[in-house]
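The values are calculated or read from the model by the stated rules, or taken from the named source; none is laboratory data. It should be emphasised that the depicted structure is a prediction, and the values quoted were computed from it without experimental measurement. Cβ placement follows ideal geometry from the backbone for every residue including glycine, while neighbour counts extend to all protein chains displayed.
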Amino acid sequence: MREITEQYAKLIEEETAETVLSANRVKDYVEASPLAYMNRCVKTLQIPKVFSENEVRIFEGVVETMYRIAGKVIRRYINYPDYRKLFPFSKELEELILVPNLYDSVLPIARFDIFYHEDTGDFVFCEINTDGTSAMNEDRILNQALKYNNIHQRMQDYYDFRTFELFDSWVDTCISLYRTYKKGVEQPYIAIVDFMYHTTMRELEEFKRRFEAFGYKTEICEIRNLTYEDGVLYSPTGHPIDLIYRRAVTTDVMQNYREVQPFIRAVLDQNVCLIGSFCTQIIHTKWFFKVVHDAGTQAFLTEEEKDFVKKHIPFTNLLDRRFCSQREIVEDKERWILKPMDSYASQGVFAGVDFNRYTWEEIVDRYFNNNYIYQEYHSPYRSMNGDYTSVNVEAKPYTNMTGLFVYNGRLAGLYSRMSDGGIISSQYNEKTVPTLVASKKAGVNFGDEL
């Protein structure tokens, strides 16, 4: 992979002027695409993220092991009341988590975000997204934009590239799970639900098109506008709902608990198929990273799984006087990253390496005893890249994060984000790049004239 990145960089150096024109064509394409929405748009870089088939096999192994551990933890929580005490959930959320979902999965969809070191093959988990898992459209459109990338077009002389399909494969997974739902109907009416004021609407619209292409009537619904009467959940247009694809994250649901009561009552009454159900919150919360290290979890893991946790899941604890002192977090600032207990889109995340001592001390003081966790910081792998929309831009190292899309326990695709900061966050200088899998063309070497 390092070799391929260097090959992209060499071609950029040879064709700098054309690369600037190319980068601006890509920028124009993206800004005119569904990725531009409500005065926001995804930003990208010139060199895509390219993995080999060997790396894909490594990622499949990561998914298999982590999915197995996640399933064990979720089922333990559901079946053992004493184990639930390890988690800081409210009474209302616990009630929702314990509602049987009546289909054959406790974790239909997720994105496992990892920091993967390309030179060593080692990795460490950053976070796990379950409810609200997104960014499928980013990868799809950024891969389409590669037709304007002059350097990538040259690289196709030497490599065969493939991408992952993330929409039809999810529809197929979702419907297959619904077929195991104990109250299922032949032609379910599907609602994609979220809080519309901050959803990725264009992505939901793409999923709606795909569900309908499979023959299922589908509606995108504001979760606060659902109604519930006589055991039936209705969409804002008045249609009875059979299947919900939930994009509303649990944090938002619980913060708007009173406003979403029709939805809540339908779930508690088990009168709608909810994919995914609230049991996914058990591993979505960053508290999960603490719990897997605790003795109560280690007791039911295999030796292989224990070793996996030790090597790949960072030490995590509550930023609270019961577990640490402000002084130790301030003094060892290079070691720690602070995160909200339950958030998404990397909001409110602070890495000690990004701040001077004075600012870091202020941050620790602000969030101490304030529902935050502190976590061991691992320096992400860096690769050279650049935004060549300007002639003055030069390549520089960017931190890498790899998202592993997981559909019912199977690696479904990859997602790549980068940043020139210590963390990769939407509140900092986040970039998204298209992700591809490459294999060398037989009998052709880089630099050969075809």
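For this structure, a couple of remarks:
- Among (1) in contact (Cβ under 8 Å) with a residue 24 or more places away in the chain; (2) more than 20 Å from R75 (Cβ to Cβ); (3) outside any helix (DSSP H, G or I) - the single one F263 does not satisfy: (3)
- Members of the stretch 111-148 found to be outside any strand (DSSP E or B) and of a type in the set (F, W, Y), listed by number: Y148
- In this structure, I58 does not qualify as closer than 29 Å to R410 by Cβ and over 22 Å from the mean Cα position of the chain (by Cα).
- T173 part of a loop (DSSP other than H, G, I, E, B) and β-branched (V, I, T): no
- V260 vs. criteria among the β-branched types (V, I, T), modelled with pLDDT of 95 or more and buried (at least 18 other Cβ atoms within 10 Å of the Cβ): yes
- Of all residue pairs spaced 6 or more apart or on separate chains, those with beta-carbon atoms under 7 Å, a first member in the stretch 126-141 that is in contact (Cβ under 8 Å) with a residue 40 or more places away in the chain and a second member that is part of a helix (DSSP H, G or I) and of a type in the set (S, T, Y) are T130/T280; D131/T250; D131/T280.
- Set side by side, the residues I283, I313 differ, and just one is crowded, with 22+ Cβ neighbours inside 10 Å and at pLDDT 95 or above, which is I283.
- The single condition from (1) buried (at least 23 other Cβ atoms within 10 Å of the Cβ); (2) over 24 Å from R140 (Cβ atoms) that K72 fails is (1).
Residues checked against (1) under 26 Å from the mean Cα position of the chain (by Cα); (2) assigned to a loop (DSSP other than H, G, I, E, B); (3) among the β-branched types (V, I, T); (4) surrounded by 19 or more Cβ atoms within 10 Å (Cβ to Cβ):
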{"position": "N370", "(1), (2), (3), (4)": "yes, yes, no, no"}
{"position": "N392", "(1), (2), (3), (4)": "no, yes, no, no"}
{"position": "P397", "(1), (2), (3), (4)": "yes, no, no, no"}
{"position": "N400", "(1), (2), (3), (4)": "yes, no, no, yes"}
{"position": "S416", "(1), (2), (3), (4)": "yes, no, no, yes"}
{"position": "T432", "(1), (2), (3), (4)": "yes, no, yes, yes"}
{"position": "A438", "(1), (2), (3), (4)": "yes, no, no, yes"}
{"position": "V444", "(1), (2), (3), (4)": "no, yes, yes, no"}
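- Residue in the stretch 14-37 that is in contact with a strand residue (DSSP E or B) (Cβ under 9 Å, 6 or more places away or on another chain) and within 25 Å of G447 (Cβ to Cβ) present: no
- Wholly within the stretch 204-248, strands (runs of 3 or more DSSP E) carrying at least 1 residues that are closer than 21 Å to G184 by Cα and within 27 Å of the chain's Cα centre (by Cα): 218-222, 243-246
- Checking D82 against (1) within 30 Å of D294 (Cβ to Cβ); (2) modelled with pLDDT under 95, the condition it does not meet: (2)
- The set of residues from the stretch 1-58 being basic (K, R), part of a helix (DSSP H, G or I) and within 18 Å of T435 (Cα to Cα) comprises R2, K27, R57.
- Within the stretch 157-181, residues that are touching a residue at least 40 places away in the same chain (Cβ under 8 Å) and buried (at least 19 other Cβ atoms within 10 Å of the Cβ) have Cβ atoms under 8 Å from residues that are basic (K, R) and part of a helix (DSSP H, G or I) in these pairs: L166/R140; W170/R210; V171/R210, counting only partners at least 6 apart in sequence or on another chain.
- Taking first residues from the stretch 1-17 that are among the aromatic types (F, W, Y) and surrounded by 14 or more Cβ atoms within 10 Å (Cβ to Cβ) and partners that are part of a helix (DSSP H, G or I) and modelled with pLDDT of 90 or more, the Cβ contacts under 7 Å between residues at least 6 apart in sequence or on separate chains come to Y8/I151; Y8/M155.
- Test result for F112, in contact with a Phe, Trp or Tyr (Cβ under 8 Å, 6 or more places away or on another chain), within 27 Å of N256 (Cα to Cα) and crowded, with 20+ Cβ neighbours inside 10 Å: yes
- Condition check for I275: farther than 30 Å from R179 by Cβ, modelled with pLDDT of 95 or more, among the hydrophobic types (A, V, I, L, M, F, W, C) and within 22 Å of the chain's Cα centre (by Cα): no
- Among the criteria (1) in a helix (DSSP H, G or I); (2) closer than 16 Å to N101 by Cβ; (3) touching a helix residue (DSSP H, G or I) at 6+ places or on another chain (Cβ under 8 Å), the one L274 does not fulfil is (1).
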